[in-house]
Amino acid sequence: MTNNIAVGTPATNNDLLERNNNILDWLSQSGIFVFTFVLILVASVAIDGFASLANITDVFNRAAPIGIVAVGMTFVVISANYLDLSVVAQVATAAVVLIGMSNEYNIIAAFALAMLIAFAYGLVNGLAVGVFKANAVIVTLATTFIGLGLLRWLTGGSIYFGPPESLIRSFGTTKIGPFPLSMLVLIIMALLLSLVLTRTNFGFLVRSYGSNRDATRLAGVNTALVVIGAFMISSFGAMIGGFVLAAFSNTAVSSMSTGYDFEALAAIIVGGTSVFGGRGSVMRTVLGVVFVSVLTNIMVLSGLGFGYQQMAIGSLIVAAVAIDALARKATAL
Amino acid sequence: MTALKSPIKKPNVASQGGLAGFGRQFRTVMARRTEGRALALLLVVGIIAAIFEPLVFTSYSATLGRIALIGLVALGLAAVILMGELDLSVASTLAVAGVVMASIDSLPLGIAAALLVGLVIGVVNAFFVMGFGINSFIATLGMLFFLRGSAFVLSGEEPVRLTNRDAGIAFGKPLIGPLTPRMLLFILAFIILQVFVTRVRIGREFYAVGGNREAALDAGIPVTRRIFTGFMISGFVAALAGVINTLERTAADPTAGSTVLLASFAAAIIGGVLLTGGRGSIFGTLLGATSLGILQVALTLSGVQVDVQNIVIGLVLLIAVITDPNSLRAVAGSARSFLQRRSRSQAGG
Amino acid sequence: MKRTMRKQLPYKLALLLIGALAFAACGGDGDSDSADGGASGDGDYQVYALLPQGNDQPYGTTYLPPMEAKAKELGIELTITNSQYDADKQASECEVAVAAKPDLIILWPAIGDTVRPCLEAAKDAGIPVTATNSDVNPEDKDLIRGYSGPDTYGQGKASAEIMCDQAGGADIGIIVVNGLTGNSTAINRRDGFVEHVEGNCPNISILAEQPGDWNKDTSQIAASEMITAVGAENIQGVYAADDTMVAGAIDALKSRDIDPSGLIITSIGNTLLGNPLVISGELDGTIFQSSSWDGENAVVLAHDVLTGKDVEADLFMPSVKVTADNAEAADVAPEW
């Protein structure tokens, strides 16, 4: 126990050291808040309809499913394991299970099976990365191949429709003000996971493992369990993300989550969570998701096509990380 | 704390530091070991294919074509991975290079421009990594999005046809024996890169850069320059693959490369290239690409549906990565410490 | 102690790997055997079908079973590949197919502009080729023996015709939801729709267009954002390149309390999702695309070529317009 505290102390010291008045550091720490605020402000003035209730709902609809996946994946990133590519397979599987099983049996059975599958994904990914010390990119790439292959092989790849009136459907269409229920799920998930990351021993271990692997291990921590836990949370997020996505469209098909892996990671990075591990927060991820969703929304409103949207996201990632990296350099000097 | 930490780092330092002779020997042993694993896979896949689908070997030109398709990008990628960096932008580089090439009417000019684009992308990637100190995984992820977007914008979101389609069709025909220009270029790229990382000093230093960057710096290796070289190789090779694909297909497709990134990563990893750098070989990557190519062609010929093929490839990848010597040592290590802890607690109780 | 363990490792590894691989390979082979046993029948003819989709897309899912059933009935042994719309992968599969020297190759081009080398290779090897679902380019037509499938350009055009009819010369503004960016079906359908509208009913103006990626959720958000961009009061019509996406667009209208039956809405597909929308009056018209017709006729055309029958250059799937008048008729019962 005393060892744990010893591991944490240098990290906290570092955080304090970094908080100097350097402008780059300020940008990397608070940039995302300011950028999001400025972007929203400018768009509200410059673009007709941006600030309308209906459009705010659209932004939230864009942000919610990917955001839920991203807040879960944040744990994997903070534990310095790059990312969880298998969320693509997991989101699609959860969506197909939710709609397919609800049609065949009932929603309870759907939840149970989806939980089981999410658990299996978290366990396999976590074991391979945590115990076998295999690279997370390759492990989750392999489980994506296996998972999508199994899903398509077993279901024949069909598209599943929910009935026009159902619990799932009403969840997907209900709004409270401009907030679709899915956005409330994102907020609740984010608050919950934020507490886990900052207030629990597990969250503390995830952060310290991310910032210094060897020290954490030498302090007698069972690092395998920490990694398995991080992947479990990622799987949990992917499952809920799949549910929300399925409820929103009332359909499920194995190709619906294409691109979720790197899009979720992009949001995490833009939010300012460091891929070097250790540094970052769940709330930053939420901001990152909102920022990317607002930006995409603005580009669609301005009639810019897919190519420009991708270019913008790419530039954003590099800019966000460049600022972070320059700030680190300045601090180190 | 430092006293506890040093035993872990020691093998690396010893292998890279002043004891250059021992270090090289150590590296060669490590490299041979990883190739052994790829070789075992190749043997298994080859024997099974020979029994069930002899067509894989009797019609070897198609199999070679598949291997060259997967392998070329993987070879360039291996150069970067050896140094402990990643390049996720290879697939988008391939697409952009193709679009640039097809957009230029003159074929030689188009090819030159496309290859130049590849080199420039390599320089930009390396600049982000070394100049800003951005993790290469993220820098090249940004480039992945940016270049994919550029390919769509430049092409107007539609395939771009070559002006000279006949030249493209001629390019796809066998040149020497059954070997098409694609295979010859692939073999050439393999030989050049293999010689480069084993016989040329600059190339050999890639291992040192990947193994222990601090030690490499101390030993006077210009790490920054090596990283630039590595990314330029990777960008150039990806662009070359884009050029070859565009020529062979007679058109450039902005969505090209959608299955390339993951396949080439898989080939490099199966070939024993360690993602944290410092270990692996170009030859191993060739073995990895060959096993993967034979596996895919054999499964296709025997009519196994794609979903099942993907399950098999995923399993092979998972097995390859968890049977890595380092992985097994990690498992053995944690099992030992677990048992020790248990026996100690039992003794205490 | 540590040394010996290290020395043994490679051998153990090799053994483990061989075991696991043999297991994996047997699993795969076992499956293929049963699949072959089911599909081959007598196997009078060996045919390769190079497709860009399969169980990974809803259309492919309902295209494959009728294709396989018909092949079994006609004594054709099918080997099916799926290139996932990667033209380079498909070209490599084409090389493999040509090397296997089947009696015929059925090609569904991933990217139409890229298949000429494949067609020439097959021609040099003396293997006849037929095209299914997406036709080859006009200048490549002499390299194939025939085409069966929908006229994707014609489908876009037919959907535009419904739109023009319903507008009846009134000046209206519409928004357009396209398929996946860069996908050839998406490009052809868009061109068919847009060119017909521009050429024949200039009273219809396209106010905005965005991709919906063949997804309902993507389409719903994109449509909703286009409504914001151009203003709901300016929109009197919506076109989406397939029924799944039009269902998303209709949901977008509903969530803004706009009654979709007040707008002219057309799409393509007449799927299990779209047909009920036509019956309920929310969707004004769609174009029937029968996946079973498509899959079956790919094999029938191949069989006709193999048995030396004269075949037409194009066997087009009838592009039946489905509107409120005929939506419940048996001959347009949705399939996918």
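The values are calculated or read from the model by the stated rules, or taken from the named source; none is laboratory data. Please read all numbers here as calculations on a predicted model, not as lab measurements. Note that we place each Cβ from the backbone using ideal geometry, even for glycine, and neighbour counts take in every protein chain shown.
So A:ALA320 passes all but one of these: (1) surrounded by fewer than 24 Cβ atoms within 10 Å (Cβ to Cβ); (2) touching a residue at least 24 places away in the same chain (Cβ under 8 Å); (3) more than 28 Å from C:GLN57 (Cα to Cα). Which condition number does it fail?
(1)
Pairs needed: first member in the stretch B:96-110, more than 16 Å from B:GLU248 (Cα to Cα); second member anywhere, part of a loop (DSSP other than H, G, I, E, B) and not acidic (Asp, Glu); C-beta distance under 6 Å; at least 6 residues apart or different chains.
B:ASP105/B:THR163
Pick from the stretch C:305-336 the residues that are in a loop (DSSP other than H, G, I, E, B) and of a type in the set (S, T, N, Q): which of them is modelled with the lowest pLDDT?
C:SER319
Search the stretch A:252-266 for residues being among the hydrophobic types (A, V, I, L, M, F, W, C) and more than 8 Å from every other protein chain (Cβ to nearest Cβ), and hand back the single one that is surrounded by the fewest Cβ atoms within 10 Å (Cβ to Cβ).
A:ALA252
What number goes with the only condition from (1) modelled with pLDDT of 90 or more; (2) more than 10 Å from every other protein chain (Cβ to nearest Cβ); (3) over 17 Å from A:MET232 (Cα atoms) that A:PRO180 does not pass?
(2)
Which members of the stretch B:251-262 meet the condition of being in contact (Cβ under 8 Å) with a residue 24 or more places away in the chain, surrounded by fewer than 24 Cβ atoms within 10 Å (Cβ to Cβ) and within 10 Å of chain C (Cβ to nearest Cβ)?
Of everything in the stretch B:251-262, those that are in contact (Cβ under 8 Å) with a residue 24 or more places away in the chain, surrounded by fewer than 24 Cβ atoms within 10 Å (Cβ to Cβ) and within 10 Å of chain C (Cβ to nearest Cβ) turn out to be B:THR255, B:SER258.
Which condition does C:ASP259 not pass, out of (1) under 21 Å from A:THR173 (Cα atoms); (2) away from chain A (no Cβ under 11 Å); (3) buried (at least 21 other Cβ atoms within 10 Å of the Cβ), if it passes all the others?
Of everything listed in (1) under 21 Å from A:THR173 (Cα atoms); (2) away from chain A (no Cβ under 11 Å); (3) buried (at least 21 other Cβ atoms within 10 Å of the Cβ), C:ASP259 misses just condition (3).
Here's the yes/no breakdown for (1) among the charged types (D, E, K, R); (2) surrounded by fewer than 23 Cβ atoms within 10 Å (Cβ to Cβ); (3) within 11 Å of chain A (Cβ to nearest Cβ); (4) under 26 Å from the mean Cα position of the chain (by Cα):
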{"position": "C:VAL177", "(1), (2), (3), (4)": "no, no, no, yes"}
{"position": "C:LEU180", "(1), (2), (3), (4)": "no, yes, yes, yes"}
{"position": "C:ASN200", "(1), (2), (3), (4)": "no, yes, no, no"}
{"position": "C:GLU225", "(1), (2), (3), (4)": "yes, no, yes, no"}
{"position": "C:VAL230", "(1), (2), (3), (4)": "no, yes, yes, no"}
{"position": "C:ASN234", "(1), (2), (3), (4)": "no, yes, no, no"}
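Kindly indicate whether A:SER249 is within 14 Å of chain C (Cβ to nearest Cβ) and at negative phi.
In short, yes.
Taking the residues in the stretch C:99-115 that are facing chain B (nearest Cβ under 7 Å) and surrounded by fewer than 24 Cβ atoms within 10 Å (Cβ to Cβ) as candidates, determine which candidate is farthest from B:ALA251 (Cα to Cα).
By that ranking, first place goes to C:ALA100.
Being assigned to a helix (DSSP H, G or I), among the small types (Gly, Ala, Ser) and within 14 Å of chain B (Cβ to nearest Cβ) is the filter here, so list the residues in the stretch A:129-177 that pass it.
The answer is A:GLY130, A:ALA136, A:ALA142, A:GLY147, A:GLY149.
For the stretch C:57-90, what are the residues that are of a type in the set (S, T, N, Q) and more than 11 Å from chain A (Cβ to nearest Cβ)?
C:THR79, C:THR81, C:SER83, C:GLN90
Go through the stretch B:43-69 residue by residue and tally those that are part of a helix (DSSP H, G or I) and either free of Cβ contacts under 8 Å to residues at least 24 places away in the same chain or more than 8 Å from chain C (Cβ to nearest Cβ) (or both).
Selection size over the stretch B:43-69: 14.
Name the residues in the stretch C:268-304 that are of a type in the set (Gly, Ala, Ser) and either modelled with pLDDT under 90 or touching a helix residue (DSSP H, G or I) at 6+ places or on another chain (Cβ under 8 Å) (or both), would you?
C:GLY269, C:GLY274, C:SER280, C:GLY281, C:GLY285, C:SER290, C:SER291, C:SER292, C:GLY295, C:ALA298
Residues that are touching a helix residue (DSSP H, G or I) at 6+ places or on another chain (Cβ under 9 Å) and under 25 Å from C:TYR85 (Cβ atoms): list the helices (runs of 4 or more DSSP H) wholly contained in the stretch B:126-226 that include at least 2 such residues.
Fully inside the stretch B:126-226 and qualifying: B:136-155, B:165-171, B:181-199.
Which of the residues belonging to the stretch B:222-240 are crowded, with 24+ Cβ neighbours inside 10 Å and either of a type in the set (Gly, Ala, Ser) or without any contact (Cβ under 8 Å) to a residue 40 or more places away in the chain (or both)?
B:GLY230, B:SER234, B:GLY235, B:ALA238, B:ALA239 - these are the residues of the stretch B:222-240 that are crowded, with 24+ Cβ neighbours inside 10 Å and either of a type in the set (Gly, Ala, Ser) or without any contact (Cβ under 8 Å) to a residue 40 or more places away in the chain (or both).
Any residue that is modelled with pLDDT of 90 or more and within 17 Å of the chain's Cα centre (by Cα) - is there at least one of those in the stretch B:107-118?
yes
Identify the single condition in (1) under 30 Å from A:ASN212 (Cα atoms); (2) surrounded by 24 or more Cβ atoms within 10 Å (Cβ to Cβ) that A:ALA94 does not satisfy, given that it satisfies every other one.
(1)
List the number of the failed condition for A:GLY242; all other conditions in (1) more than 14 Å from the chain's Cα centre (by Cα); (2) within 26 Å of A:MET115 (Cβ to Cβ); (3) not polar (S, T, N, Q) hold.
Condition (1) is where A:GLY242 drops out.
May I ask you to verify whether C:ALA241 is out of contact with any helix residue (DSSP H, G or I) (no Cβ under 7 Å at 6 or more places or on another chain) and closer than 30 Å to A:ILE56 by Cβ?
Against the criterion (out of contact with any helix residue (DSSP H, G or I) (no Cβ under 7 Å at 6 or more places or on another chain) and closer than 30 Å to A:ILE56 by Cβ), C:ALA241 does not qualify.
Give the residue that is surrounded by the most Cβ atoms within 10 Å (Cβ to Cβ), with candidates limited to residues of the stretch B:276-333 that are in contact (Cβ under 8 Å) with a residue 12 or more places away in the chain, away from chain A (no Cβ under 12 Å) and of a type in the set (Ser, Thr, Tyr).
Among them, the one singled out is B:THR285.
Pick from the stretch A:188-243 the residues that are part of a helix (DSSP H, G or I), more than 14 Å from chain B (Cβ to nearest Cβ) and without any contact (Cβ under 8 Å) to a residue 24 or more places away in the chain: which of them is surrounded by the fewest Cβ atoms within 10 Å (Cβ to Cβ)?
A:ARG199
Name the residues in the stretch B:147-171 that are in contact (Cβ under 8 Å) with a residue 12 or more places away in the chain, within 11 Å of chain A (Cβ to nearest Cβ) and not acidic (Asp, Glu), would you?
B:LEU147, B:ARG148, B:SER150, B:ALA151, B:PHE152, B:LEU154, B:SER155 - these are the residues of the stretch B:147-171 that are in contact (Cβ under 8 Å) with a residue 12 or more places away in the chain, within 11 Å of chain A (Cβ to nearest Cβ) and not acidic (Asp, Glu).
Report, by residue number, each residue of the stretch A:293-308 that is facing chain B (nearest Cβ under 10 Å) and buried (at least 21 other Cβ atoms within 10 Å of the Cβ).
Selection gives A:PHE306, A:GLY307.
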